[in-house]
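Asks: Quick one: this structure, given as structure tokens, is what I'll be asking you about.
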Amino acid sequence: MPFELPKLPYAADALQPHISKQTIDFHYGKHHQAYVNNLNNLIPGTRFENATLEQMIREADGGIFNNAAQVWNHTFYFESFSPAGPREPNDALATAINETFGSFAAFKEQFTKSALTLFGSGWAWLVKNREGKLEIVQESNAGNPLKSGHTPLLTCDVWEHAYYLDYQNKRPDYLLAYWNVLDWDVIGKRF
Ligand code: MN
């Protein structure tokens, strides 16, 4: 059964002015869709015909890994946003962030630094590692921390296609905007 582009839980213009409708139309409507289409074209005749995205992320390499991971990563990224969600963590995740990083502000600073220092294309992640501790990790290209046994909690896409239409080369401006669209209820449920 072919993979499909998941519906967004908000309208394409709902994240403005932080992320424009034009960026959603291209990033979700064109790039995310292209990874879905590529994956559907690559799978037939391979041992991944009935595999889940997670299985392909853990076991595949080359084009199948790249496209399966990009489908998963983008779905996870877009589902982290909402027009009106709480913009700060609560409950158990808030406690864990405070214990690990000192404060939410300190976490934001470290996560932002990780996203800004990631060379080229990739993803910055907040994960729960195998010991149950929070960790910030950088992944290049389509990289996904499931492959290392981590539980992903939050991600930031730093491929230029994520921000170039709105912020051109200014990745730091995109990072500032990013915190204004996160829904920490959604993120907290992953913890
Ligand atoms: Mn992207």
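The values are calculated or read from the model by the stated rules, or taken from the named source; none is laboratory data. The model shown is predicted, which means the values in this text are computed figures rather than measured ones. Note: ideal-geometry Cβ built from the backbone for every residue, glycine included; neighbour counts use all protein chains shown. All accessible areas refer to the heavy atoms of the entire protein, side chains included, with ligands and DNA or RNA removed. Shrake-Rupley method; radii C 1.70, N 1.55, O 1.52, S 1.80 Å.
Asks: Relative contact order for segment 91-190: what is it in percent, counting Cα pairs under 8 Å that are at least 6 residues apart?
Replies: Normalised by residue count, the contact order of segment 91-190 is 23 percent.
Asks: Counting only helical runs of four or more DSSP H residues, what would the 222 nm mean residue ellipticity of the chain come to if each run contributes -39,500 (n - 2.57) and the total is spread over all its residues?
Replies: Helices in the chain give a 222 nm mean residue ellipticity of -12500 deg cm²/dmol.
Asks: Still on this structure, I have one more. Binning every alpha carbon pair distance of segment 135-191 at 5 Å from zero, what are the percents per bin?
Replies: Spelled out per bin, shortest first, that is 4, 16, 23, 22, 21, 12, 3.
Asks: Kirkwood hydrodynamic radius, computed over distinct alpha-carbon pairs, for segment 1-151: how many Å, to one decimal?
Replies: Across segment 1-151, the inverse of the average 1/r is 17.0 Å.
Asks: By per-residue mean of other Cβ atoms within 10 Å, what is the highest-first order of 79-88, 31-40?
Replies: The densest-packed peptide leads the list: 31-40, 79-88.
Asks: Please compute the Kirkwood hydrodynamic radius of segment 91-190 from all pairs of different C-alpha atoms, in Å with one decimal.
Replies: 14.0 Å
Asks: Oh, and also: At 1.4 Å probe size, with no ligands or nucleic acids counted, give the accessible surface of residue 136 in Å², nearest ten.
Replies: For residue 136, the solvent-accessible surface is approximately 40 Å².
Asks: Listed highest first by mean packing, meaning other Cβ atoms within 10 Å per residue, what order do 65-71, 154-160 come in?
Replies: With the highest mean Cβ count within 10 Å placed first, the list reads 65-71, 154-160.
Asks: Let me have the relative contact order for the chain, percent, based on Cα pairs under 8 Å that are six or more residues apart.
Replies: In percent, rounded to a whole number, it is 25.
Asks: Which lysines, if any, have their Cα less than 23 Å from the Cα of residue 21, not counting same-chain residues under 8 positions apart?
Replies: 7, 30, 170
Asks: Under the Kirkwood approximation for Rh and a Cα-based Rg, what ratio Rg/Rh is obtained for segment 1-68?
Replies: 1.08
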